[in-house]
Amino acid sequence: MGDAQLDQRFAENHRPFSEFVHELITAKGSIYSSGPASYFKIHSNSADLAEATAQLFLGVRLQCAKCHHHPFEKYSQADYYAFSAFFSRVGNKNSEEFGLFGRESVVMVRSSGDVRHARTGQIMAPSPLDGEPIDHELDRRIPLADWLTSPGNRDFARSVSNRYVA
């Protein structure tokens with residue numbers, strides 16, 4: 001889901017952008033009956049999801065931190081993989097039902113799945129950028145969505161204002 005699609009969906013729903021983003025980040029179910037679930041079909045692995053989420057909703061490009069920590073960049077490889085861990089248990093599966101265009105794909109949350117730091121091999125606990133690890137027993141994306149859209153998240157506020165004012 002690109003910028004133009006996000007802007008269009010937001011305009012159609014007439015509700016706070018923070019609610020729209022929270023619903024998008026925690027979406028699951030059929031991509032045909034739950035539009036926000038398509039975000040997890042388009043970005044199908046934890047690395048892609050972390051990069052897209054950081055860029056779209058925080059105005060932060062994390063791609064370089066995947067491979068190295070540049071001395072002039074704010075976020076490290078550890079930050080990258082810890083942020084990716086929020087999405088490590090999200091998966092797509094084919095449902096038994098047939099959708100409009102063939103087998104229907106369903107976004108679901110698995111009971112296991114971790115992200116390992118590429119250099120150290122360490123299993124990374126899900127952590128927001130510049131934050132302490134937070135987890136959820138059912139869905140790691142819930143505390144991420146809460147943090148992302150919280151009134152105190154200056155990067156989210158700046159990203160939203162840049163999207164609609166700049």
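The values are calculated or read from the model by the stated rules, or taken from the named source; none is laboratory data. Please read these numbers as outputs of a predicted model, since none were measured by experiment. All Cβ positions, glycine included, derive from the backbone under ideal geometry; neighbour counts span all protein chains shown.
Residues to consider are E19, E12; find the one that is at pLDDT below 90 and surrounded by fewer than 18 Cβ atoms within 10 Å (Cβ to Cβ). Talk me through it step by step, then tell me what you get.
On the way: E19 fails: at pLDDT below 90.
Exactly one residue qualifies, and that residue is E12.
Considering each residue of region 137-144 in turn, at least one proves to be basic (K, R) and within 19 Å of F40 (Cβ to Cβ). Among the residues of region 123-133, the one identified as surrounded by fewer than 14 Cβ atoms within 10 Å (Cβ to Cβ) and more than 17 Å from N153 (Cα to Cα) is I123. Within region 130-138, identify whether any single residue is within 16 Å of G29 (Cα to Cα) and either in contact with a Lys or Arg (Cβ under 7 Å, 6 or more places away or on another chain) or not aromatic (F, W, Y) (or both), and answer yes or no. Yes, region 130-138 contains a residue that is within 16 Å of G29 (Cα to Cα) and either in contact with a Lys or Arg (Cβ under 7 Å, 6 or more places away or on another chain) or not aromatic (F, W, Y) (or both). The residues of region 31-72 that are more than 16 Å from the chain's Cα centre (by Cα) and loosely packed, with under 14 Cβ neighbours inside 10 Å, listed by number, are S33, C64, C67, H68, H70, P71, F72. Can you name the residue in region 106-129 that is out of contact with any Lys or Arg (no Cβ under 8 Å at 6 or more places or on another chain) and among the polar types (S, T, N, Q) and, of all such residues, is farthest from Y39 (Cα to Cα)? So the residue we want is T120. Are any of the residues in region 91-109 of a type in the set (A, V, I, L, M), surrounded by 14 or more Cβ atoms within 10 Å (Cβ to Cβ) and closer than 24 Å to S18 by Cβ? Yes: region 91-109 contains one or more residues that are of a type in the set (A, V, I, L, M), surrounded by 14 or more Cβ atoms within 10 Å (Cβ to Cβ) and closer than 24 Å to S18 by Cβ.
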